[in-house]
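J.: First the structure, which I've put down as structure tokens, then a few questions once you've had a look.
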Amino acid sequence: MEEGRKGVEIDSKTKELIESWQQQAKQLKKKHPKWNAAKIQKEMKDKIIKQAEAAIPTNSAKEYIEGVNAHLKEVEDSRKKAIDEIMRYMGKTSPEAVATVLYELDCGCIRACAVSKQGAPMGEMIMVSGRAVEKGYDCSACREDGGAKPERCIDKSIIWPGDASELPSEEFRLAIGKEVFGDDYSMGDI
Ligand SMILES: [Zn+2]
């Protein structure tokens, strides 16, 4: 294999495409013998390279996509783990709470607070890193501002403890949401 072409895999579909382009180029040359054949060839070659680059799956592209997907899964898994930990903590420290409010920050950390059945905050606001805290991760953004800057909050939500069968009625969830987040909170948010 030529240097610089390592990792390029051409599938049968792409091979067919390239062959058809080659045929097209040959026919153009036959049809227009007085045309600048070299120019036609070059134009075809450029077209082939451009389209092939966009279409051919290379190992590096595959690896890149796999890497991105693995990273996204890691982020989502640690977010789920952090939320589970928050809910376990709230269940212990505020067993009479009806829900927990989450403020997810742009650094991956989550601020959380238990909510009473009147929709009032209960207990203390806790900070949980959505990242690998067990690896000794320490968030520098939160260390600097305490995680309290509203502009760093990317998502606000209410988490109800237990599974789906234990969910309070929609009316109740809407009323709590309005208490916590204001009148803008609507059925679509619950
Ligand atoms: Zn943070």
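The values are calculated or read from the model by the stated rules, or taken from the named source; none is laboratory data. Note that the coordinates shown come from a computational prediction; the quantities given were computed from them, not determined experimentally. Glycine also receives a Cβ, built like all others from the backbone with ideal geometry; neighbour counts cover every protein chain displayed.
J.: So, residue 93, is that one modelled with pLDDT of 75 or more, in contact with a Pro (Cβ under 8 Å, 6 or more places away or on another chain) and among the polar types (S, T, N, Q) or not?
T.: no
J.: Another one. Looking only at the range 110-131, decide whether some residue is farther than 25 Å from residue 190 by Cβ, more than 16 Å from the ligand (Cβ to nearest atom) and at pLDDT 90 or above.
T.: No, there is no match, as no residue in the range 110-131 is farther than 25 Å from residue 190 by Cβ, more than 16 Å from the ligand (Cβ to nearest atom) and at pLDDT 90 or above.
J.: For residue 103, which of the numbered conditions (1) surrounded by 14 or more Cβ atoms within 10 Å (Cβ to Cβ); (2) more than 16 Å from the ligand (Cβ to nearest atom) fails to hold?
T.: Here residue 103 meets the rest and fails (2).
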